[in-house]
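Chemist: There's a structure below that I have some questions on.
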Amino acid sequence: MFNKLKDCLVDLDRDCVLMVVDELLKNGVSATEIVLGPLSSGMEEIGRLYEEGEYFIAELVEAAEIFKEAMKKLEPLLREEASRMSSARRRLRIVLGTVKGDVHDIGKTLVAVMLQAAGHEVIDLGVDVDAEKFAEAVVKYKPHILGMSALLTTTSRYMRKVIEELEKRGLRGRVKVLVGGAATTREFAEKIGADGWAPNAVEAVKLVNEIAEKISVEE
Ligand code: B12
């Protein structure tokens, strides 16, 4: 049924997606597995079809809408599941945003939802966020963590600029910088001087919880 769900999404069949999501839930599959499994790999496949010239921007828009509609049903369950996986002793404050020039927000929002559900405070700056705005948010909210998302190769390079802006303003030592999004890798994160990287929302929560543990031990 996982394959069926992925196929329904790739075929942009909204009704089929919602129906199979219901069936999977009825069969006891977790919302986290559904979102990070077939729905995410369906989006990846849609990206591939776009790259190969079979799909166009209209199909990407449609896929995003279907994904968001499925999320309406899944989000309350995701929150419940993420709250159960939380083991952090300390609630951290996280400023999150998609970097300048990039409007992809599905993955970033998913990370925000799961982090909040795991007990952390999230300030979501939205999309197309420039280095100045990130730096100002660090001053204003005093977060423990700054999280950046990028889905485009071109915009992922901007993450380095944000880190440089923090350095320039003497703020770099105040926050841990985490990066993610389809255009990033662990190696990339290391290269630009970030403190961490995660491939998906569950791993992002684990990473933040690890940082929370370290902070509470240090204090
Ligand atoms: C849907 C989509 C769109 C939608 C976005 C709608 C929206 N509201 O987000 C729309 C139609 C707007 C769009 C536009 C474009 N897109 Co687009 N899009 C996609 C697609 C198909 C799916 C993205 C998605 O939502 N995935 C599902 C989520 C759940 O996964 P995720 O984002 O990766 O997030 C997870 C992890 O990465 C991680 N994570 C994410 N952020 C963070 C942050 C932190 C801190 C951490 C720790 C973890 C983390 O956790 C998340 C949850 O598990 C991808 C394909 C792909 N392979 O990603 C292409 C893709 C990203 N798009 C692409 C392109 C080229 C474009 C356009 C340039 C097309 C054009 N010519 O206009 C524009 C750019 C617009 C812009 N300026 O941003 C390319 C990018 C190629 C590249 N390497 O640069 C891709 C890869 C498609 C492809 N294969 O060619 N797109």
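No lab work stands behind these numbers, since they all come straight from the coordinates. On a predicted model such as this, the values are computed, not experimentally measured, just so you know. Backbone-built Cβ (ideal geometry, glycine too); neighbour counts: all protein chains shown.
Chemist: Could you tell me how many cubic angstrom of Cα convex hull volume the stretch 93-218 has per residue? Show your work: numbers first, answer last.
Modeler: Working: hull volume 11.2 nm³, N = 126.
Dividing the Cα hull volume of the stretch 93-218 by its residues yields 89 Å³.
Chemist: Hey, another quick one. What ranking of Thr109, Thr98, Thr153, Thr185 emerges when the number of other C-beta atoms within 10 Å of each C-beta is taken as an exposure proxy, fewest first?
Modeler: Thr153, Thr185, Thr109, Thr98
Chemist: Another question, if that's okay. Given Cα pairs under 8 Å that are at least 6 residues apart, what percent is the relative contact order of the stretch 2-85?
Modeler: 38 percent
Chemist: Here's another thing I want to ask about it. For the stretch 2-85, build the convex hull from the C-alpha positions and give me its volume per residue in Å³.
Modeler: Residue-normalised Cα hull volume stands at 81 Å³.
Chemist: Name the aspartates and glutamates eligible as straight-distance cross-link partners of Lys161: C-alpha to C-alpha under 19 Å, and not fewer than 8 places from it in the same chain.
Modeler: Candidates past the 8-residue exclusion: Asp102, Asp128, Asp130, Glu132, Glu136, Glu187, Glu190, Asp195.
Chemist: Scan around Thr98 for amide H atoms under 5 Å from its own, H built in the peptide plane at 1.01 Å from N, and keep only partners 5 or more places away or cross-chain.
Modeler: Placed amide hydrogens put Gly126, Val127, Asp128, Val129, Ser149 under 5 Å from Thr98.
Chemist: Here is a further query. Using only alpha-carbon positions, what ratio does the radius of gyration of the chain give when scaled by 2.2 N^0.38 Å?
Modeler: Numbers: Rg = 17.7 Å, N = 219, 2.2 N^0.38 = 17.1 Å.
Computed over Cα atoms of the chain, the ratio equals 1.04.
Chemist: Here's something else I'd like to know. Taking the Cα centre of the stretch 1-58 as origin, sum charge times position over the Cβ atoms of Lys and Arg (+1) and Asp and Glu (-1), and report the length of that vector in debye to the nearest 20.
Modeler: It works out to roughly 220 debye.
Chemist: Please report the net charge: other residues with Cβ closer than 11 Å to the Cβ of Met148, K and R +1, D and E -1.
Modeler: The answer is +3.
Chemist: Sticking with this one: Which one of Leu92, Gly181, Gln116 is farthest out on the positive end of the charge dipole of the chain, using unit charges on Cβ (Lys, Arg +1; Asp, Glu -1) and the Cα centre as origin?
Modeler: Leu92
Chemist: To the nearest 500 deg cm²/dmol, what mean residue ellipticity at 222 nm is calculated for the chain from DSSP H runs of n ≥ 4 alone, each contributing -39,500 (n - 2.57), summed and divided by the residues? Mind dumping the intermediate values first?
Modeler: Working: 11 runs with 129 residues, N = 219.
Result for the chain: -18000 deg cm²/dmol, rounded to the nearest 500.
Chemist: Further question on the same structure: How big is the charge dipole of the chain about its Cα centre, in debye rounded to the nearest 20, if each Lys and Arg gets +1 on its Cβ and each Asp and Glu gets -1 on its Cβ?
Modeler: The dipole of the chain has a size of about 1220 debye.
Chemist: In addition: Calculate one ³J(HN,Hα) per residue across the stretch 44-55 by plugging θ = phi - 60° into the Karplus curve 6.51 cos²θ - 1.76 cosθ + 1.60, and present them in order as whole Hz with x for glycine and proline.
Modeler: Values, residue by residue: 4, 4, 4, x, 5, 5, 5, 4, 7, x, 7, 10 Hz.
Chemist: Label point 7 Å out from Glu213 along Cα-to-Cβ: which residues of the stretch 81-118 have amide N under 11 Å?
Modeler: Residues passing the 11 Å test: 87-89.
Chemist: In debye, nearest 20, what is the charge dipole magnitude of the stretch 93-218 about its Cα centre with +1 on Lys and Arg Cβ and -1 on Asp and Glu Cβ, if you could check? Walk me through the numbers before you get to the answer.
Modeler: Details: 18 positive and 18 negative charges, 53 e Å.
Approximately 260 debye in magnitude.
Chemist: Also, quick follow-up: Within the set Lys100/Lys214; Lys72/Lys191; Lys26/Lys176; Lys68/Lys191; Lys108/Lys168, which residue pairs have Cα atoms separated by over 29 Å? Could you put the intermediate results ahead of the total?
Modeler: Details: Lys100/Lys214 31 Å; Lys72/Lys191 37 Å; Lys26/Lys176 40 Å; Lys68/Lys191 33 Å; Lys108/Lys168 26 Å.
Checking Cα-Cα distances, Lys100/Lys214; Lys72/Lys191; Lys26/Lys176; Lys68/Lys191 exceed 29 Å.
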